[in-house]
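> Questions regarding the structure given below will be posed in turn.
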Amino acid sequence: MGLYDLLDAEGKDDQKGKSPGVAVGVVADNQDPEGMGRVKVRFPWKDDADESTWARVVTPMAGKGRGLWFLPEVGDEVLVAFDHGDVQHPYVLGSLWNGTDTPPGDNGDGNNNIRKITSRSGHELVFDDTSGAEKVVIRTKAGHSITLDDAGGGEKIEIKDKSGSNKLVIDSAQNSIGIESSMKLTIKGQMVEIQSDANMTLKAGAVMTIQGSMVKIN
């Protein structure tokens, strides 16, 4: 059977409610009334007003109250397969980038060091496998970030705001923890204890105030 015969046979099957193989579609609805994480899809080879039945979405893990929850957005291009070719039982296999909806990164240098998850708003989870500069970064749209940095064996954890002037740094290589603020740093609790096993220095660039109902210095 030639290619034309195969395509012709596929068209006949589709007319009978059958569509072997896979098809490209666009998500039309992702608000599943039964809360099963299903979507409806429109297909370019069908009437624009004609939506599929609710299609279950394939995910790497799914179970009762658990799994990977990444629902396609309305307007996303997806790849769809049909149970035994029956168009009334579609399954969304995954999402597709295209000329309009492009990836959130590229592999221009050919090294393929970056893996990332980017949300609609721009929040990111980035895995950087660059040799000697390995790190994992969680970053919000505004620029607040948590960085787990293994660069050069440094083993550093850094939490900072978008300005970079307010941060907490845990440095395993230097065996140190640093807390910095460009304006005000407050530590508050029912009981607060600060203890040093060796030297301790308290220093202020201006007035230092020590206040309590009773102050003991020993």
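Yes/no matrix, rows are residues, columns are (1) of a type outside the set (D, E, K, R); (2) in contact with a strand residue (DSSP E or B) (Cβ under 6 Å, 6 or more places away or on another chain); (3) at pLDDT 95 or above:
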position: A62; (1), (2), (3): yes, no, yes
position: L71; (1), (2), (3): yes, no, yes
position: Y91; (1), (2), (3): yes, yes, yes
position: L96; (1), (2), (3): yes, yes, yes
position: K116; (1), (2), (3): no, yes, yes
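> Further question: Given the conditions (1) out of contact with any helix residue (DSSP H, G or I) (no Cβ under 8 Å at 6 or more places or on another chain); (2) over 12 Å from V39 (Cα atoms), report the number of the one that G85 does not fulfil.
Here G85 clears every test but (1).
> Among the residues of segment 75-107, write down those that are within 27 Å of F127 (Cβ to Cβ) and either among the β-branched types (V, I, T) or in a helix (DSSP H, G or I) (or both).
If the condition is that a residue be within 27 Å of F127 (Cβ to Cβ) and either among the β-branched types (V, I, T) or in a helix (DSSP H, G or I) (or both), then V78, V92, T100, T102 are the ones that fit.
> Just give me the residues in segment 29-52 being modelled with pLDDT of 95 or more and more than 19 Å from W97 (Cβ to Cβ), in sequence order.
Scanning segment 29-52 gives D29, Q31, D32, P33, E34, G35, M36, G37, R38, K40.
> Restricting attention to segment 169-189, which residues are more than 18 Å from D150 (Cβ to Cβ), aliphatic (A, V, I, L, M) and outside any loop (DSSP other than H, G, I, E, B)?
Passing the criteria: only I179.
> Of all residues in segment 108-122, how many are more than 19 Å from S95 (Cα to Cα) and outside any strand (DSSP E or B)?
Step one: of segment 108-122, the residues more than 19 Å from S95 (Cα to Cα) are 108-114.
Subset that is outside any strand (DSSP E or B): 108-113.
So the answer is 6.
> Still on this structure, please answer the following. Going by the structure shown, is V87 under 18 Å from V22 (Cβ atoms), at pLDDT below 95, in the same structural domain as P20 (by TED's automatic domain parsing) and aliphatic (A, V, I, L, M)? Give the derivation first.
Details: under 18 Å from V22 (Cβ atoms): yes; at pLDDT below 95: yes; in the same structural domain as P20 (by TED's automatic domain parsing): yes; aliphatic (A, V, I, L, M): yes.
The answer is yes for V87.
> If you don't mind, another one. Scan segment 74-121 residue by residue and report those that are farther than 26 Å from R42 by Cβ and in contact with a Ser or Thr (Cβ under 7 Å, 6 or more places away or on another chain).
Step one: filter segment 74-121 for residues farther than 26 Å from R42 by Cβ, giving 105-117.
N113, the sole residue that qualifies.
> Here is a further query. Look at D83 and say whether it is exposed (fewer than 12 other Cβ atoms within 10 Å of the Cβ) and touching a His at 6+ places or on another chain (Cβ under 7 Å). Let's see the steps before the verdict.
On the way: exposed (fewer than 12 other Cβ atoms within 10 Å of the Cβ): yes; touching a His at 6+ places or on another chain (Cβ under 7 Å): yes.
Here the answer is yes, as D83 does meet what is asked.
Residue-by-condition table, conditions (1) touching an Asp or Glu at 6+ places or on another chain (Cβ under 7 Å); (2) within 15 Å of E77 (Cβ to Cβ); (3) among the aliphatic types (A, V, I, L, M):
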residue: P90; (1), (2), (3): no, yes, no
residue: G94; (1), (2), (3): no, yes, no
residue: N98; (1), (2), (3): yes, yes, no
residue: D101; (1), (2), (3): yes, yes, no
residue: D106; (1), (2), (3): no, no, no
residue: N113; (1), (2), (3): yes, no, no
residue: H123; (1), (2), (3): no, no, no
residue: F127; (1), (2), (3): no, no, no
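> State yes or no: is K162 assigned to a loop (DSSP other than H, G, I, E, B), surrounded by 10 or more Cβ atoms within 10 Å (Cβ to Cβ) and among the basic types (K, R)? Quick ask: steps written out before the conclusion?
Working: assigned to a loop (DSSP other than H, G, I, E, B): yes; surrounded by 10 or more Cβ atoms within 10 Å (Cβ to Cβ): yes; among the basic types (K, R): yes.
Yes; evaluated as a whole, the condition is true for this residue.
> Are any of the residues in segment 128-148 part of a helix (DSSP H, G or I) and modelled with pLDDT under 95?
No, segment 128-148 contains no residue that is part of a helix (DSSP H, G or I) and modelled with pLDDT under 95.
> Still on this model: With the structure loaded, tell me whether G154 is surrounded by fewer than 10 Cβ atoms within 10 Å (Cβ to Cβ) and out of contact with any helix residue (DSSP H, G or I) (no Cβ under 8 Å at 6 or more places or on another chain) or whether it fails that test. Let's see the steps before the verdict.
Numbers: surrounded by fewer than 10 Cβ atoms within 10 Å (Cβ to Cβ): no; out of contact with any helix residue (DSSP H, G or I) (no Cβ under 8 Å at 6 or more places or on another chain): yes.
No: the conditions fail for G154.
The values are calculated or read from the model by the stated rules, or taken from the named source; none is laboratory data. It should be emphasised that the depicted structure is a prediction, and the values quoted were computed from it without experimental measurement. Neighbour counts run over all protein chains shown; Cβ positions are idealised from the backbone, glycine included.
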